[in-house]
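The values are calculated or read from the model by the stated rules, or taken from the named source; none is laboratory data. These numbers were taken from a predicted model, which means no experiment stands behind them. Don't worry about glycine lacking a Cβ; one is built from the backbone with ideal geometry, like all the others, and counts go over all protein chains shown. We work out accessible area using only protein heavy atoms, side chains counted, and drop any ligands, DNA or RNA first. Shrake-Rupley method; radii C 1.70, N 1.55, O 1.52, S 1.80 Å.
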Amino acid sequence: MKVVMLMFDTLRRNQLPPYNSGAQPLPNFERLAQKTVRFDNFYVGSMPCMPARRDLHTGRLNFLHRSWGPLEPFDDSIFEIMKKNGVYSHLITDHQHYWEDGGATYHNRYSSYEFIRGQEGDLWKARIGFTGAEKLDSWKNAEPLRRNMILHDQINRSYLHREADYPQARCYQAGLEFLVENCRQDNWLLQIESFDPHEPFCVPDRFKAMVDPALLHNEDDWPEYSSTERINNQEKINNNGKHYQALMLMCDEYLGKILDFFDEHDMWRDTMLVVNTDHGFLLGEKEWSGKSVMPVYNEIAHVPFFIWDPRSALAGEACGELAQMHDLSVTLLDAFGLQKTPRMTGESLLPVLAQHKQKRQNIIFGYFGAHVSITNGRYVYMRGSHTPENKPLYEYTLMPVHMRRMFNVDELRNATLHAGFRFTHGAPLLKIPGCAGFYSSYAHGNLLFDLSCDPYQEQPLFDPETEAALLRKLSQALTEAQAPADEWVRLGIPLNPDEINAAFIITEHKERARILNDYLGPLAMTEMHPDTRALLLEIAVCDDGKRFLSELYQCHKGKLHRRDVVAFYERGEYGAEIYSLFNKPY
């Protein structure tokens with residue numbers, strides 16, 4: 001068996017013609033759908049980039065136990081298993097997070113790997129004194145860390161003189177070279193992993209011109225992770241969508257080069273092809289831009305997935321099976337006749353293709369410390385924290401590393417030793433107080449959507465019977481994922497499922513209204529964006545917060561916007577602690 005896996009980053013399902021007939025033409029994605037089975041209910045698992053890749057390596061969900069970080073010493077990597085069993089795996093990627101602190105253990109699990117430099121804020125080229133970023137609005141409005149990323153991105157771009165220099169083009173060229181060398185060999189897996197179409201939407205001009213010639217003069221192609229209210233620039237939001245479309249045209253063209261190679265060398269006969277992604281992206285929908293700073297709506301969570309298995313030989317068909325990244329892990333092992341380990345919770349998709357057997361009734365997904373979401377394909381239920389404090393929340397790890405830095409001494413000072421979980425092979429873990437990440441799930445509340453009548457998740461339901469049923473399923477799923485006991489407390493889930501009924505849900509909603517009123521007073525009933533509500537919850541615990549909120553309510557009528565809160569502060573005499581919250585990054 002041979003496998004080629006093309007892994008894109010930030011591939012939006014509704015931008016692909018096989019899923020949306022109204023999308024811009026992408027002939028090679030349409031061609032791909034005719035050659036493969038298209039999964040219609042594929043969802044993310046752990047979010048975002050490296051947590052998703054840890055799911056891929058380990059065959060289980062990890063977002064319930066820790067945030068973004070490396071593979072752990074106890075993790076079972078499918079690529080390590082392949083290597084030990086005579087299957088050669090080769091990674092070609094321009095995904096720069098692999099060589100940051102929080103990704104540095106992944107690539108060595110493969111038999112070999114190639115890194116392509118230059119994407120995003122990759123610390124690649126050095127041009128001291130470079131001033132090419134200051135002209136960009138994205139740089140002017142950014143906090144120091146993001147400014148540094150934008151600066152390095154602009155430096156990197158100054159070395160992209162031809163289309164062949166672009167990281168995506170170099171990834172696919174290296175992939176084609178591997179195929180030329182090895183396509184007649186057996187027992188190998190090739191992972192061509194392109195960071196595109198992840199932001200910034202850096203793309204050669206010829207693709208921009210195909211979408212809108214005005215993009216040729218628009219260099220601000222790095223969208224914020226923010227509410228659109230904070231961005232306050234509808235033209236920029238619209239242009240972000242156009243830049244993404246241009247980059248998708250490039251992705252489509254380079255996908256076509258692999259499909260051409262399959263055709264020309266008759267690789268469909270004996271080679272599995274997988275095309276997948278880690279997550280999607282919001283381009284203004286529901287008043288949000290980006291990911292990570294809002295609930296995992298379907299634009300982010302419901303992702304495309306295509307697979308060709310030469311043994312079942314199914315092509316041009318759709319599959320409604322619920323599946324996730326950690327199912328792909330077990331599928332890849334199965335393709336080479338290898339068994340999953342007892343610690344893997346994913347299920348192989350090959351029996352689904354061969355026998356149309358449905359395996360999953362529900363799946364869960366989310367970010368560490370944020371909403372934990374569950375779907376059965378019709379309903380999506382997002383369970384947020386039980387209190388604004390979002391506690392208890394702990395990181396369980398033997399690798400105390402964040403995305404771009406080690407855990408600091410203050411974080412480690414409060415660490416204790418935990419006995420571990422079944423998947424840690426009996427090894428104890430550091431238990432370190434964690435933080436919620438980029439947004440307050442409490443500010444959004446628990447959200448229930450019926451996709452059958454609300455596919456765009458615009459009208460949350462109040463349906464206590466359905467919410468209770470999904471909450472019982474969520475509790476069961478947490479048990480199956482070996483979630484720490486803290487999660488039941490943080491999410492306010494009774495340990496006895498018999499206590500979870502419609503009356504419990506109704507009482508919960510009343511309790512939430514009471515807590516919001518305690519924090520916000522009469523402003524709790526005021527219409528506002530959840531991002532603004534999160535700001536008010538932070539203001540409420542400031543020394544001068546209660547007075548500020550009371551006087552704000554007396555002076556403001558109608559829907560409350562973030563800009564109204566800032567303007568009111570500037571007209572009064574309030575503590576500096578409140579002011580520090582206005583420009584705080586997510």
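Which percent, to the nearest 5, of DSSP beta bridges fully inside the chain are antiparallel?
Expressed as a percentage, antiparallel bridges in the chain total about 50.
Rounded if a/c is under 1.5, else prolate if a/b is larger than b/c, else oblate: which is segment 192-245, with a ≥ b ≥ c the root eigenvalues of its Cα gyration tensor? Before the final figure, lay out each step's value.
Numbers: a/c = 2.68, a/b = 1.26, b/c = 2.13.
Oblate, since a/c reaches 1.5 and b/c is not below a/b.
Return the aspartates and glutamates within reach of residue 473: Cα separation strictly under 15 angstrom, same-chain partners fewer than 8 residues apart disregarded; answer none if there are no such residues.
465, 487, 498, 499
Would you kindly state how much longer the chain becomes between residue 479 and residue 403 on full extension, computed as 0.36 nm times their sequence separation minus their alpha carbon distance, in nm to one decimal?
24.6 nm
Give, as a single signed number, the net charge of other residues whose beta carbon lies under 10 Å from the beta carbon of residue 11, with Lys and Arg counted +1 and Asp and Glu -1. Don't skip to the end; give the middle numbers.
Working: positive: 12, 13; negative: 9, 196, 278.
That sum, taken over residues with Cβ under 10 Å, equals -1.
Would you mind counting up the charge near residue 407? Only other residues with Cβ under 15 Å from its Cβ, with Lys and Arg at +1 and Asp and Glu at -1. Don't skip to the end; give the middle numbers.
Details: positive: 66, 404, 405, 413, 431; negative: 72, 100, 101, 395, 410, 411.
Local net charge: -1.
Tell me the label-point distance for the pair residue 74, residue 573, using the 7 Å Cα-to-Cβ offset, in nm and rounded to one decimal.
Distance between the two pseudo-spin positions: 5.8 nm.
Place +1 on the Cβ of every Lys and Arg and -1 on the Cβ of every Asp and Glu in the chain, take the dipole about the Cα centre, and give the residue among 3, 284, 461 whose Cα lies farthest towards its positive end.
3
Any idea what the dipole of the chain comes to, in debye rounded to 20, about its Cα centre with Lys/Arg Cβ at +1 and Asp/Glu Cβ at -1? Mind showing how you got there, number by number?
On the way: 62 positive and 79 negative charges, 132 e Å.
Dipole about the Cα centre, nearest 20: 640 debye.
How much net charge surrounds residue 456 when only other residues with a Cβ under 12 Å from its Cβ are counted (Lys, Arg +1; Asp, Glu -1)? Intermediate results must be reported in sequence, preceding the final value.
Details: positive: 286; negative: 285, 299, 450, 454, 458.
Here the count lands on -4.
Take the residue pairs 135/208; 236/286; 2/83; 286/510; 208/257 and return only those whose Cα atoms are more than 24 Å apart.
Pairs exceeding 24 Å: 286/510.
Using the alpha-carbon atoms, what tilt in degrees (0 to 90, nearest 10) does helix 167-182 show relative to the longest principal axis of the chain?
The helix 167-182 is inclined about 30 degrees to the chain.
If I model a spin label at residue 124 and residue 112 as a point 7 Å from the Cα along the Cα→Cβ vector, what separation in nanometres do I get?
In this crude spin-label approximation the distance works out to 2.2 nm.
Tell me the label-point distance for the pair residue 145, residue 509, using the 7 Å Cα-to-Cβ offset, in nm and rounded to one decimal.
Using points 7 Å along Cα→Cβ, the separation is 3.7 nm.
Alpha carbon centre of segment 250-294 versus segment 535-564: separation in Å?
One Cα centre to the other: 44 Å.
With a 1.4 Å probe and every protein chain left in place, work out the accessible area per residue of the chain in Å², rounded to a whole number. Let's see the in-between values first.
Values: 23150 Å² over 586 residues.
I get 39 Å² per residue for this part.
What number results when the radius of gyration of segment 131-243, computed over Cα atoms, is divided by 2.2 N^0.38 Å? Mind showing how you got there, number by number?
Details: Rg = 17.3 Å, N = 113, 2.2 N^0.38 = 13.3 Å.
Cα-based Rg divided by the globular estimate yields 1.31.
Find how much the distance from residue 450 to residue 361 grows on full extension, using 0.36 nm per residue of separation minus their present alpha carbon separation; answer in nm with one decimal.
Details: separation 89, 0.36 × 89 = 32.04 nm, distance 1.59 nm.
30.4 nm is the gain from fully extending residue 450 to residue 361.
Roughly speaking, to the nearest percent, how much of the chain's 1.4 Å accessible area is carbon and sulfur?
On the way: 11560 of 23150 Å².
Roughly 50 percent of what the probe reaches on the chain is carbon or sulfur.
Go ahead and run the numbers for FRET between residue 104 and residue 554, Cβ-Cβ distance against an R0 of 45 Å, rounding to 0.05. Don't skip to the answer; put the middle values down first.
Working: r = 54 Å, r/R0 = 1.19.
So, using R0 = 45 Å, E works out to roughly 0.25.
State whether segment 486-586 is rounded, prolate or oblate according to the following rule on the C-alpha gyration tensor (a ≥ b ≥ c being the square roots of its eigenvalues): a/c under 1.5 gives rounded; otherwise a/b larger than b/c gives prolate, and the remaining case gives oblate.
Values: a/c = 2.77, a/b = 2.06, b/c = 1.35.
The shape class here is prolate.
With point charges of +1 on the Cβ of Lys and Arg and -1 on the Cβ of Asp and Glu, referenced to the Cα centre of segment 145-288, which listed residue (202, 248, 182) lies farthest in the positive direction of the dipole?
It is 202, whose Cα lies furthest towards the positive end.
Looking at segment 225-346, I'd like the Rg to Rh ratio, where Rg is from alpha-carbon atoms and Rh is Kirkwood's inverse mean 1/r.
Working: Rg = 18.6 Å, Rh = 17.5 Å.
Result for segment 225-346 is an Rg/Rh of 1.06.
Would you kindly state how much longer the chain becomes between residue 205 and residue 564 on full extension, computed as 0.36 nm times their sequence separation minus their alpha carbon distance, in nm to one decimal? Please report the intermediate quantities before stating the final value.
Numbers: separation 359, 0.36 × 359 = 129.24 nm, distance 3.99 nm.
Between residue 205 and residue 564, full extension yields an extra 125.3 nm.
Where the centre of each part is set by its Cα atoms, how far does segment 39-85 sit from segment 467-515, in angstrom?
26
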